[in-house]
Amino acid sequence: MSRPVVVLLLCCLVAAVAGCGAKAVEIQTLPTGPLSQKAYEDAFDKSALGLAPKYGVGKPLDADASIADQAAHVDGLQKLLREWADRLEGLQPPAEAARAQARYVAGIRSFADDLDRAKAALDRGDAKGANRLLATATIVSRQTRADLIAARHAFHALGYDLEDLDKSPVTTNAPAG
């Protein structure tokens, strides 16, 4: 997997857990109806705020967390990702961004499904295997990667300034070395 994809996926999670520090952040009510690009960008950036505490994944697990705690954490991440996808899907971007949004939502849902592999490893008592999947990003399926990269390219091409998508250049080639 290329480094930019791993960074992108980590950014997705960072965006999803944004605002989960010392101060509780309320889950925002998102706008309905057709949105301008600026209104869409604003709603997109707020779409995951407050979800991490709701699902108990706002803080990293302790190094000595039990397998049950790790499994509950992965389950919470999946629920967070699925609700975030639902919230994004409910937004009505300008027509030119609708396809990018659909691919991004599909990528988030696919990523939530990919986490089933970590849950299965934990169910077998294989915490080391689950952690390896998560730490090396081998958990990410080709479909997830394809959807997220396509969405990212499309949003960039349209000039969208989305908080978790605009921090680095769009590249899909694996780094040399």
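The numbers here are math on the coordinates, done by the rules we state, and not lab data. A quick note: this is a predicted structure, and the numbers were derived from the prediction, not measured. Reconstructed Cβ throughout: ideal geometry from the backbone, glycine too, with neighbour counts over all protein chains shown.
Sort V25, V140 by Cβ crowding within 10 Å, fewest neighbours at the top. Numbers along the way, then the final one.
Working: V25 17, V140 23.
Listed from fewest to most nearby Cβ atoms, that is V25, V140.
For segment 3-158, the tally of Lys pairs with Cα-Cα distances below 29 Å comes to 21, considering only residues 8 or more apart or on different chains.
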